[in-house]
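The values are calculated or read from the model by the stated rules, or taken from the named source; none is laboratory data. Remember, predicted model here, so these are calculated numbers, not experimental data. In this analysis, Cβ positions are derived from the backbone assuming ideal geometry, glycine residues included, and neighbour counts consider all displayed protein chains.
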Amino acid sequence: MNASRQILRQLTTRFGLVGESDVMHQAMSRLLQVAPTDLTVLITGETGTGKEVFAHALHDLSQRKKYPFVSVNCGAIPETLLESELFGAEKGAYTGADEKRKGFFEAAHHGTIFLDEIGEMPINTQVKLLRILESGEFSRLGSSTVQKVDVRVVAATNRDLMYEVRQGRFRQDLFFRLNSVNIHLPPLRQHPDDIPALVEHFAQRAADRNVFEYEGVDLEALHLLAQQSWPGNVRELRNVVETMVTLERGQRITAAMVQQYLPAPEVSDPVMPTALVRVADVQQPRSDADMQLLYRTLLQLASDVSEMKTVLRHLLTLSFDPAANTAPAAQPAPVASSTPEVDDENLNLARIEKMAIELALRRTQGNRRDAANLLGISERTLYRKIDEYGLR
């Protein structure tokens, strides 16, 4: 056990993987077990839990470490371009294709390709990905020539892919092929005992980067940090600690200092529904996580207009009722169109969705990346919806 823990601690030094809890030891042990193989790996977990860090470690601990590691965010590339970006395109394959170009899979030949947000991949592209996983074969867009590539695939998602399969948005055969090995990264709220080690790691790294001495952290400050729910998980904690240490130039972290830098008061844990949620069970929204829950619930209640109206009223309360948010917030910037009044007679799913997007844009002062995170959808989906509803 001691030897095993020593190996796991080396992951912190080499890759920045921090965790002494049982759940993190389980994830890191699985990483060490599967890294030397060529098995496809699916990394699951909420946004900010460190999925790309694990993907890099899988590559660097494999026999392919001397070859490229190519990272692709499937949710950030428009659907019309994703296929050509992944598999390449021949000259003239589409408007603007002035020359033959390689795709990400060819660029990762003999190495590893990391497909982040795999749940955002369109069905048609999923078919081609399945072909590569099964045979290593693919064709560039606009070509009938079959090529072969030797690539290890590591995929990641914050979605419940089995739910996506049931909804017809993700191929079942591809899911089973990707899920040959699953590494699940728990949300930070499930292993708060790791927060002291994470704080020390991020603080020391920030101090080293800025070339000043780090003076440590008080127990009261650690206790306050451990009390937070951290909906943004390890990434959110890292941002807070690195900002605090950098701006305070390595001074000892105190509870008073932590209170100054926390972005928001403690919020309830985000819950991602995988089935219909009764509106009677939905609490008054108090946070971004609650709004994300309500938006996802809204999209799943298309068969019951009366329940959708209730969900919308919760969303409107979030935006217009000061009592719904206890923390002071800056006045959000206006968006392209004002939020319409709720019309019980003409209310439909499209109007509700438009209202929710408008509220999210107002809440984030027009920042579309933050609005997409708030709603629990990809940036690509948000841009498409903004065009659809004329919100530019």
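On the given criteria, is V199 over 30 Å from E134 (Cα atoms) and not polar (S, T, N, Q)?
yes
From E99, E46, E52, E85, grab the single residue that is part of a loop (DSSP other than H, G, I, E, B), at pLDDT 90 or above and not assigned by TED's automatic domain parsing to the domain that holds L374.
On the way: E99 fails: at pLDDT 90 or above; E52 fails: part of a loop (DSSP other than H, G, I, E, B); E85 fails: part of a loop (DSSP other than H, G, I, E, B).
That would be E46, the only listed residue that is part of a loop (DSSP other than H, G, I, E, B), at pLDDT 90 or above and not assigned by TED's automatic domain parsing to the domain that holds L374.
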Scope the range 42-79; condition under 30 Å from R384 (Cβ atoms) and small (G, A, S); matching residues:
G45, G48, G50, A55, S71, G75, A76
Pairs, please: C-beta under 8 Å, at least 6 apart or cross-chain, first residue without any contact (Cβ under 8 Å) to a residue 60 or more places away in the chain and in the range 34-52, second in a loop (DSSP other than H, G, I, E, B) and surrounded by fewer than 20 Cβ atoms within 10 Å (Cβ to Cβ)?
A35/L61; P36/L61; P36/Q63
Log entry, pairs with first residue in the range 141-152 being under 11 Å from T112 (Cα atoms) and in the same structural domain as D38 (by TED's automatic domain parsing), second being surrounded by 14 or more Cβ atoms within 10 Å (Cβ to Cβ) and polar (S, T, N, Q), beta carbons closer than 8 Å, six or more apart or on different chains, reads V151/T112; R152/T40; R152/S62; R152/T112
Taking R362 as the residue in question, decide whether it is outside the structural domain of T157 (by TED's automatic domain parsing), surrounded by fewer than 20 Cβ atoms within 10 Å (Cβ to Cβ) and under 20 Å from N158 (Cα atoms).
no
Looking for whichever is more than 24 Å from S378 (Cβ to Cβ) and either of a type in the set (D, E) or buried (at least 17 other Cβ atoms within 10 Å of the Cβ) (or both) here; the options are L58, L8. Which one fits?
L8
Condition met for A197 (touching an Asp or Glu at 6+ places or on another chain (Cβ under 7 Å), surrounded by fewer than 18 Cβ atoms within 10 Å (Cβ to Cβ) and touching a residue at least 40 places away in the same chain (Cβ under 8 Å))
yes
Can you name the residue in the range 152-189 that is closer than 29 Å to G19 by Cβ and among the acidic types (D, E) and, of all such residues, is surrounded by the most Cβ atoms within 10 Å (Cβ to Cβ)?
E164
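Any chance you could count how many residues in the range 1-43 are of a type in the set (S, T, N, Q) and modelled with pLDDT under 90?
Of the residues in that region, 6 qualify.
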In the range 73-88, how many are touching an Asp or Glu at 6+ places or on another chain (Cβ under 7 Å) and closer than 15 Å to A108 by Cβ?
3
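In this structure, does E79 turn out to be touching a Pro at 6+ places or on another chain (Cβ under 6 Å) and under 26 Å from E134 (Cα atoms)?
Answer is yes for this residue.
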Test: residue in the range 62-80 that is assigned to a helix (DSSP H, G or I) and either hydroxyl-bearing (S, T, Y) or more than 23 Å from the chain's Cα centre (by Cα) (or both)
yes
Between F105, F175, F114, F170, which is assigned to a loop (DSSP other than H, G, I, E, B), within 29 Å of A372 (Cβ to Cβ) and modelled with pLDDT of 95 or more?
F170
